[in-house]
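The values are calculated or read from the model by the stated rules, or taken from the named source; none is laboratory data. These numbers were taken from a predicted model, which means no experiment stands behind them. Quick reminder, even Gly has a Cβ in these numbers, built from the backbone with ideal geometry, and neighbours come from all protein chains shown.
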Amino acid sequence: AQSVSQHNHHVILSEAASLELGCNYSYGGTVNLFWYVQYPGQHLQLLLKYFSGDPLVKGIKGFEAEFIKSKFSFNLRKPSVQWSDTAEYFCAVNALAAGNKLTFGGGTRVLVKP
Amino acid sequence: DTEVTQTPKHLVMGMTNKKSLKCEQHMGHRAMYWYKQKAKKPPELMFVYSYEKLSINESVPSRFSPECPNSSLLNLHLHALQPEDSALYLCASSQVNGGPYEQYFGPGTRLTVT
């Protein structure tokens, strides 16, 4: 069975600081990888996705993520955060063999101080 | 249109009530999903419908009964729920063939069981 772990439960940082959120998954086969964001009071939105090709993917709002297959990792980064990046961030994995099943990590709450 | 709509936004029901949650999408997606999200937790998959047929049931108690009357609509019928079933219920949809594809989420129905 696939599982996803996110290293940090809570992150607090100041505006203009750099952000990196860790995500590791446990599944040996082919996977599709996602980062979703949930802003306060809003629905889950897709930040970025990796299916194949260039392991460095760019998403919306200046976010990027790097897939490192050997480390089973898909870490999310943003060079300079804004107060509006305050949200909960979820890494999610879909194993090809699992069909349409999407498994989420535990989430990381990010608070950006103005 | 990349919107998934859910009604109602909030629902309070007693343990003996019968109620239904509704989800609608007009993106032509042929896969639809129900997730349950408890406070400060990630979404957990409940059911997957593919081409209006139930393809995944994650061992959900029978007091939750899904229904997919057509390719745009997904219902979740609730009966004899327990207080621990109080949660945010999320609907999502995605394409199916030729994937992989990301899932689009609705805003959710916040359910309180009294």
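Laid out as a table, the results:
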read-out: Long-range neighbours under 6 Å by Cβ, at least six apart or interchain, first residue buried (at least 20 other Cβ atoms within 10 Å of the Cβ) and modelled with pLDDT of 90 or more within region A:86-111, second in a strand (DSSP E or B) and acidic (Asp, Glu); value: A:Gly107/A:Glu88
read-out: Candidates A:Leu47, A:Leu33, filtered to the one that is surrounded by 17 or more Cβ atoms within 10 Å (Cβ to Cβ), of a type outside the set (Gly, Ala, Ser) and over 19 Å from A:Lys101 (Cβ atoms); value: A:Leu47
read-out: Matching option when the condition is touching a residue at least 60 places away in the same chain (Cβ under 8 Å) and not charged (D, E, K, R), among B:Leu54, B:Leu78, B:Leu45, B:Leu74; value: B:Leu78
read-out: Some residue of region A:57-77 being more than 28 Å from B:Val4 (Cα to Cα), in a strand (DSSP E or B), small (Gly, Ala, Ser) and free of Cβ contacts under 8 Å to residues at least 60 places away in the same chain; value: yes
read-out: Wholly enclosed strands (runs of 3 or more DSSP E) of chain B bearing at least 3 residues closer than 25 Å to A:Thr103 by Cβ and among the hydrophobic types (A, V, I, L, M, F, W, C); value: B:31-37, B:44-50, B:73-79, B:87-94
read-out: When residues of region B:56-99 are limited to those that are more than 14 Å from the chain's Cα centre (by Cα), within 14 Å of another protein chain (Cβ to nearest Cβ) and among the small types (Gly, Ala, Ser), the one nearest to B:Ser20 (Cα to Cα); value: B:Ser59
read-out: Where B:Tyr101 falls short, out of the listed (1) touching an Asp or Glu at 6+ places or on another chain (Cβ under 7 Å); (2) buried (at least 18 other Cβ atoms within 10 Å of the Cβ); (3) more than 13 Å from B:His10 (Cα to Cα); value: (1)
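The rows are residues; the columns are (1) part of a helix (DSSP H, G or I); (2) away from chain B (no Cβ under 14 Å).
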site	(1), (2)
A:Asn24	no, yes
A:Gly41	no, no
A:Leu47	no, no
A:Asp54	no, yes
A:Ser80	no, yes
A:Ser84	yes, yes
A:Ala92	no, no
A:Arg109	no, no
